[in-house]
Amino acid sequence: MVCFEAFTRRGHFFESSFWRGIVERLCRLSVTEEEAVLTRIRNKLDKQKEILRNAGTGNTESLQWLSRYVLQLARQQHMLDEEIRFQLLDKLFHAQREEYISKNPHFRPDTSEDGLTTDREQTTRTLRRSLQYWTEAGVFLQGVRLHCDNCGSNYWQHVDGVAEKNTCHGCGADVALPVEVPWSYRLNSLVRNGIAFHGCMPLVLTLYSARQLPTRHSFLFVPGIALYKEYRDRTPAAEIDIVAVADGKTLIGEVKTSSEEFSPQELAKLAELAKRLQPDVAILGCLRGDANAVAATKDGVGSVTRRNRLRSPGN
């Protein structure tokens, strides 16, 4: 088990809708980005309906084409490396704040010209402090984008490797550091891969929410655990996204990116596990979606046990 202490700061980071949106942007996981990718995939597959039909029958050539297409998509996804500059962060931060204030006008009492100027300056300073904190924590990496005049390559260089004379990643020629160059920020590769390829953001948020339950002394957890019926079994009988112990009480949970993924079959599996494992609490967590719809699906599955409570998403 892992002590929750190490995740407290990370949970606070993901709880912020602004930083969560920036992370999704850098991982190309925003709703807009995902819909655009899905549209391109649908259009591509729509032109290959005959191949898809043949693939469904086991045709070797069709399966080969489909396999290569999946591999191509995987390679494109693996090459995710986005960065963002402070100027854009500042613009997005102010835009989100102004949207909130438009719905809550009393949030900013001084609406005079001087008051607005002071408020915006303070907002930028707040963002700068926050970015400094998360950069020092290793969530973001600081660097510069350089251009090679010899081969025309543009590449990003981490601050630790920046020098007056740099070596082009492509042709190996010398690349001079501009006298004025803006810093840009990338996600730590561990954070990026965990979110882009393993979907750990909903998991971290669910754990962070679970930590808010009345817990005075300890909160230990293990994410992603496989359960086997027999010691020598090679195939797990079931998998659980979260197993935790809070002040001696056990907790199990299922986590999804969207509430739409909580089908009656998925909830029935969790209910069956709860009956077998007898935890004190069984929880559901998701990043996006309608908690009421999940609650209705949950009620349709039926009671877990009298001792257990099946909670709807808290994110």
Original post:
By counting other Cβ atoms within 10 Å of each Cβ, how are K91, K165 ranked from fewest to most?
Top reply: K165, K91
**OP:** Take L277, L190 and order them by how many other Cβ atoms sit within 10 Å, fewest up front.
**Re:** L190, L277
Original post:
Cross-link list K103/K249; K249/K269; K47/K256: which exceed 29 angstrom alpha carbon to alpha carbon?
Top reply: K103/K249; K47/K256
Original post:
Under a plain spin-label model, where a point goes 7 Å from the Cα along Cα-to-Cβ, how far apart in nm are R40 and F86?
Top reply: 3.2
**OP:** Determine the shape class of segment 84-188: with a ≥ b ≥ c the square roots of the Cα gyration tensor eigenvalues, call it rounded for a/c under 1.5, and otherwise prolate if a/b is greater than b/c, oblate otherwise.
**Re:** prolate
**OP:** Could you calculate the FRET efficiency of T117 with V181 from 1/(1 + (r/R0)^6), where r is the beta carbon distance between them and R0 is 25 Å, rounded to 0.05?
**Re:** 0.30
Original post:
By counting other Cβ atoms within 10 Å of each Cβ, how are C168, C27 ranked from fewest to most?
Top reply: C168, C27
Subject >> Cβ-based net charge around K44, under 14 Å, with every Lys or Arg adding one and every Asp or Glu removing one >> reply: +3
Subject >> 3J(HN,Hα) from dihedral phi, segment 38-50, Karplus parametrisation 6.51/-1.76/1.60, rounded to Hz, x for glycine, proline >> reply: 4, 5, 5, 5, 4, 4, 5, 6, 5, 7, 10, 4, 5
**OP:** Kindly identify segment 201-290 as rounded, prolate or oblate by the Cα gyration tensor criterion: order the square roots of the eigenvalues as a ≥ b ≥ c, call it rounded if a/c is under 1.5, otherwise compare a/b with b/c, prolate if a/b is larger, else oblate.
**Re:** oblate
Original post:
So between S67 and A163, what do we pick up on full extension, going 0.36 nm a residue minus the alpha carbon distance?
Top reply: 30.2 nm
Subject >> Potential lengthening between K47 and L277 on full extension [0.36 nm per residue; Cα-Cα distance subtracted] >> reply: 78.0 nm
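No lab work stands behind these numbers, since they all come straight from the coordinates. Bear in mind the structure is a predicted one, so any value in this text is a computation, not a measurement. In this analysis, Cβ positions are derived from the backbone assuming ideal geometry, glycine residues included, and neighbour counts consider all displayed protein chains.
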